[in-house]
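Here the structure comes first, spelled out in C-alpha cells, and everything after it is commentary.
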Amino acid sequence: MLLRIDPLSPVPLFEQLAASIRADAGSGALRVGERLPAAREVAAALDINVHTVLRAYQLLRDEGLVDLRRGRGAVVTARAGEYSSLGLAIPQLVEEAKRLGLSAAALTALVTKEYLS
C-alpha cells in the first residue's frame with residue numbers, strides 16, 4: 001500500500017489520505033481483514049500529525065470501509081470488495097475519455113454532474 005498526499009493541495013490532508021486508501025481498496029491492493037498501518041507509523045512516514053491520520057481512519061470507519069478497534073487498529077472490512085468493482089470501471093472510463101479527447105477537468109465535471117444529479 002502506497003499512501004499519497006500532496007502538502008500543496010487545497011484538499012485537506014486527512015481527505016487526501018482517506019482518498020489514497022479508498023483508491024487502494026478500489027485497485028485490490030487492500031484485502032478484507034488486512035490491517036492498515038498504525039496511525040503513528042503513517043504520521044511519521046508522511047511527516048504529518050497523528051491526529052490527521054486518525055481523522056482519515058475515522059472518516060473511513062464512518063463510510064464502513066474500515067473497522068476501528070482498540071488494540072487491533074484499523075482493519076479493512078468486506079465493503080472494500082465493493083470498491084474493487086468501481087476500481088475496474090475507472091480505468092475504462094478514463095481510457096474512453098482520452099479516446100474522445102476529453103481533458104481530466106472535463107471528465108471530472110461530467111462525473112461530478114452525474115454524481116450530483
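Condition first: surrounded by 15 or more Cβ atoms within 10 Å (Cβ to Cβ) and modelled with pLDDT under 90. Can you find one or more residues in the range 65-77 that meet it? Within the range 65-77 (the criterion being surrounded by 15 or more Cβ atoms within 10 Å (Cβ to Cβ) and modelled with pLDDT under 90), the answer is yes, since at least one residue qualifies. Within the range 42-76, the set of residues being among the polar types (S, T, N, Q) and more than 14 Å from the chain's Cα centre (by Cα) comprises N49, T52. Considering only residues that are of a type outside the set (A, V, I, L, M, F, W, C) and farther than 23 Å from D24 by Cβ, look in the range 99-117 and name the one that is surrounded by the fewest Cβ atoms within 10 Å (Cβ to Cβ). That would be S117.
The values are calculated or read from the model by the stated rules, or taken from the named source; none is laboratory data. All figures in this text were calculated on a predicted structure; none of them were measured in a lab. FYI the Cβ positions are ideal-geometry reconstructions off the backbone, even for glycines, and counts take in every protein chain you see.
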